[in-house]
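Quick note: the coordinates plus some simple rules give every number you see, no bench work behind them. As the structure is a computational prediction, the values presented were derived from the model and not from experiment. Methodologically, a virtual Cβ is constructed for each residue, glycine included, from the backbone with ideal geometry; neighbour enumeration extends over all protein chains shown.
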Amino acid sequence: MTGFALGVDQEEWCGQLRALAVERLRPLAEKGEPGRVNRPLLAALGELGLLERVFASGALELCLLRESLAYGCTEAETALALQGLGAYPVLRAGSEEQRERWLPEVRAGRAVAAFALSEPGAGSDAAALALSATAETAAAGAGWRLSGEKCWISNAPEADFYTVFARTGEGPGAKGVSAFLVPADRPGLSGAPLDMLSPHPIGSLAFDGVPVGPRDLLGEPGRGFRVAMDTLNLFRPSVGAFAVGMARAALDVTLAYTADRTAFGGTLSDLQAVAHRVAEMATRTEAARLLVYAAAGAYDRGAGDVPRRAAMAKLLATETAQYVVDHAVQLHGAVALQRGHLLEHLYREVRAPRIYEGASEVQRTIIAKELYGSAGAGVAR
C-alpha cells in the first residue's frame, strides 16, 4: 500500500460521523462529570450502532471511525475506543459463553469494559507483569487466585468487567502470562480512582485472592501475552487515527483563525513565518495520516510486518498531533488558553496518547527490533 485515498462512500460516512460527533455526542459529553464513566454517552454510541462497528469492522474502518469522532468530540472517541480495547480480547479469544454474556451488552453501551494490563512496575515493560495467578490445587479444572495490583487502568474502577493479564508461570517472561475475564463484582476485587489529566476515569485495581477459574480464561493458559499483543496491534494504528483527528481539528481551526485575524497591517496568514508554520503542520498531519492508514491496510491484509507498521503509525501520529496542537496554540496566542476553547481542550487531550498503549520510546524499540530481525543474517556481526 503506497498511497491512501477515501472513496466517495467513505468520505460521506466520515462527514456524517463528524456531524454526529458535534451535534449528537458532544452535548452528552459536555454534560458528563470529568473522571467518571459517561453512561448516557455510551448508550448513544450503542444506539447509533457505532460500538457495533468497532467489532464488525477491520482496522481501516476502525481508524476512519476513530479519526472522525476525534475531530468532533474526543470524549466520544475515547469512550468508544475503551469499549473496544477492553472487549476485543473477549471477541478474539473468549469462549462462546463469554462472548454471549458480555459482547451484546458492550455493543449496546450498557456494560463498561476495561483493559487491565499496566501495573505500578510494568507499564511500558508489559512482559514484566507481577500480578500473580496462583493455582488453588493441582486437580484438573481447578482455578487460580489473583493477587497484586493494576494501575493506570482506563474505566477503572467503574467498569463492569476487566480483561486482566496475570502471571500463571508456564514459562519465563511473556510466556508465563494468561488472560482472564474478571467481572467487577468478583470477591476480593476493589479499585480506587486516580486523579489524572483525563476526562474519563483512570484508576487502580487491587486483587486480594480474587478467584478465577477455567471458564474465566481468555484463550489458553500461558498465551495471554499474545492476546494482549493481538489487541494492541489492532488498536495502535487507531490510536494514531485518534491523534490525526485531533491534529486535523487543530489545523482547521488554525487555518480559519490565521486567515481572519488582523495584525501588522494584514492577516496573520500574510506573514511568511505563520504561513510556513501552517504548511508544516499540514504536511506532518498528512504524512501521519498516510502512515496510519497504510498500517491499517497491512493489518486487514494479514501482512507479516504489522507490529512494525502499527508502532510506526502510533509513534508518528501521536508525536505529530502534539506538534500540531502546540503550534496551533502558539499561533492563536492567549485566546487558545481560555477554558472551553477547542485548543485548550485538545492541548490537554493530546498528551496522553504518546504514553498509553506503549510510550513513544517503546514504539521506537519495537520498530528497531523488527528492522534488525528482518535484516537477519544480512546484518554484519
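Below, the figures for the structure above:
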item: Cut-off of 10 Å, at most 14 other beta carbons, DSSP loop: longest stretch of the chain lacking such GluC sites (Glu not before Pro); result: 171-381
item: Mean Cα-pair separation over length for region 144-226, i.e. relative contact order, pairs under 8 Å, 6 or more apart, %; result: 42 percent
item: Helix axis angle, 8-20 relative to the chain longest principal axis, alpha carbon, degrees; result: 90 degrees
item: Residue-span extension gain [Ala135 to Ser374] - 0.36 nm each, minus C-alpha spacing; result: 82.2 nm
item: Positive-pole candidate from Tyr257, Ala368, Ala295, dipole of the chain, charges at beta carbon; result: Ala368
item: Cα centre as origin, Lys/Arg/Asp/Glu Cβ charges: the chain dipole, Debye; result: 580 debye
item: Surrounding net charge for Pro120, when Lys and Arg each add one and Asp and Glu each subtract one, Cβ distance under 11 Å; result: -1
item: Where Rh is the Kirkwood radius over Cα pairs, Rg/Rh for region 8-107; result: 0.98
item: Selected from Pro193, Gly203, Gly219, residue furthest toward positive end of dipole (the chain; charges at beta carbon); result: Gly219
item: Dipole-positive endmost among Phe115, Ile153, Ala133 within region 113-222 (Cβ charges, Cα centre); result: Ala133
item: Modelled FRET efficiency - R0 25 Å, Val335 with Asp252, Cβ distances, 0.05 increments; result: 0.95
item: Extension gain, Met196 back to Glu47 (0.36 nm per residue minus Cα-Cα distance, nm); result: 50.7 nm
item: Linear extension gain, Glu12 paired with Ala142, 0.36 nm per residue minus alpha-carbon span; result: 41.5 nm
item: Spherically averaged projected area in nm², based on the convex hull that wraps the Cα atoms of the chain; result: 21.2 nm²
item: Region 7-82: relative contact order in percent, alpha carbon pairs under 8 Å with at least 6 residues between; result: 46 percent
item: For region 133-183 versus region 336-364, the gap between their alpha-carbon centres in whole angstrom; result: 30 Å
item: Estimated 222 nm signal from helices in the chain, with DSSP H stretches of n ≥ 4 weighted -39500 (n - 2.57), rounded to 500; result: -17500 deg cm²/dmol
item: Over the chain, relative contact order from alpha-carbon pairs under 8 Å, at least 6 apart, %; result: 16 percent
